[in-house]
1. Residues in segment 166-185 that are over 13 Å from the mean Cα position of the chain (by Cα) and either surrounded by 19 or more Cβ atoms within 10 Å (Cβ to Cβ) or without any contact (Cβ under 8 Å) to a residue 24 or more places away in the chain (or both): how many?
2. Would you confirm whether any residue within segment 7-28 is open to solvent by less than 60 Å² (accessible area, probe 1.4 Å), among the aromatic types (Phe, Trp, Tyr) and either touching a residue at least 24 places away in the same chain (Cβ under 8 Å) or within 30 Å of Leu251 (Cα to Cα) (or both)?
3. Report every pair of residues separated by at least 6 positions or lying on different chains whose Cβ atoms are under 7 Å apart, first residue within segment 43-68 and among the acidic types (Asp, Glu), second modelled with pLDDT of 95 or more and in a strand (DSSP E or B).
4. Does Gly76 satisfy the criteria of being modelled with pLDDT of 95 or more, out of contact with any Cys (no Cβ under 8 Å at 6 or more places or on another chain), open to solvent by less than 60 Å² (accessible area, probe 1.4 Å) and part of a helix (DSSP H, G or I)?
5. Hey, among Leu90, Leu115, Leu103, which residue is assigned to a helix (DSSP H, G or I), open to solvent by less than 80 Å² (accessible area, probe 1.4 Å) and either of a type in the set (A, V, I, L, M) or over 27 Å from Ser33 (Cβ atoms) (or both)?
6. Take the residues of segment 146-165 that are touching a residue at least 40 places away in the same chain (Cβ under 8 Å) and loosely packed, with under 14 Cβ neighbours inside 10 Å: which is nearest to Ile187 (Cα to Cα)?
7. Write out, first by first residue and then by second, each pair whose Cβ atoms fall under 6 Å of each other, whose residues are 6+ apart or on separate chains, and whose first residue, in segment 226-246, is free of Cβ contacts under 8 Å to residues at least 12 places away in the same chain while the second is outside any helix (DSSP H, G or I).
8. Quick check: anything in segment 49-64 touching a helix residue (DSSP H, G or I) at 6+ places or on another chain (Cβ under 6 Å), part of a helix (DSSP H, G or I) and at negative phi?
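The values are calculated or read from the model by the stated rules, or taken from the named source; none is laboratory data. If you're wondering where the values come from, they're calculated on a predicted model, not measured in any experiment. Because the Cβ atoms are built from the backbone with ideal geometry, glycine has one as well, and the counts that use them run over all protein chains shown. When the accessible area is computed, the model is the full protein with side chains, heavy atoms only, and any ligands, DNA or RNA have been set aside. Shrake-Rupley method; radii C 1.70, N 1.55, O 1.52, S 1.80 Å.
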Amino acid sequence: MNLLFYGNCQVEAASYALQARNPSLNCEYAGNSNRVPKFDPERSEQLMQEADLIVTQPITNMERDDNHEALRARFGDRVIFMPYIFVAGLHSLSLAGPTHRKLALKNLIGGEIILKTLRAQGLQRTVATYKTGRIDFAHSQRFEETLGEMRRRETVSKCEIRISNEIEERYRDSRVMLTHNHPNPDILNIIAGKISAYLDLPYDPLTPEEVQDYSRIILPVFETIVTPWCKEELGLRYPYDLQWFFRGRDLIRKLAETFEID
């Protein structure tokens, strides 16, 4: 059976998990934007034509040729959707990708809150305010809004594979998101299991002891910070990051440098 996994790194990781448990499958991956690996529209089109099943994420930008309605119209039940997983609020700050000396605001989830404080208080007072937990990161609000939006998109796009309920059930007990858009291996195991069930195939979750396979479903962390106040506000039952102050201070300093705030 030929499967095409078409999407971002979340989809790619799900393909690795499924392939590891079902080696007889032929799983190909293609990126759906130039921000992810293996982005090649001509190759993607050819793989779509050849695939018995396309596993992808719904694109709601209707100007794109590969939006979810267009793919449904073209491929019918040969395409199934899993969501784009984006959950903010489970970290006070979350870095979207590696950074160098300067830090672009768009790369720091929660950065708008820090920037507002920097402009009002300056660098040194902002660091002091952060240290004492007096910056309101709106953890609960951001979590509820982004999870609600993900659930809405799962519904609108009629995703066959959904994960919002599992995230809501588990987020207090375990670190379900490594970053705002990189789920941990437990979530990817659940997704792979649901795809396997859809295909009537067996699936046992990959474990850390299976180093080679498990390592392929561990997505990059970059820099994410769970502060004591994030843990308190959300009622998290796992530890806050011991280096939360030093790591957060470094990000605050980089953001201040970007916007030339002393």
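1. 4
2. No, the conditions are met nowhere in segment 7-28.
3. Final answer for the pair search is Glu50/Asn2; Asp52/Asn2; Asp52/Leu3.
4. yes
5. Leu115
6. Lys158
7. Lys231/Tyr240
8. no
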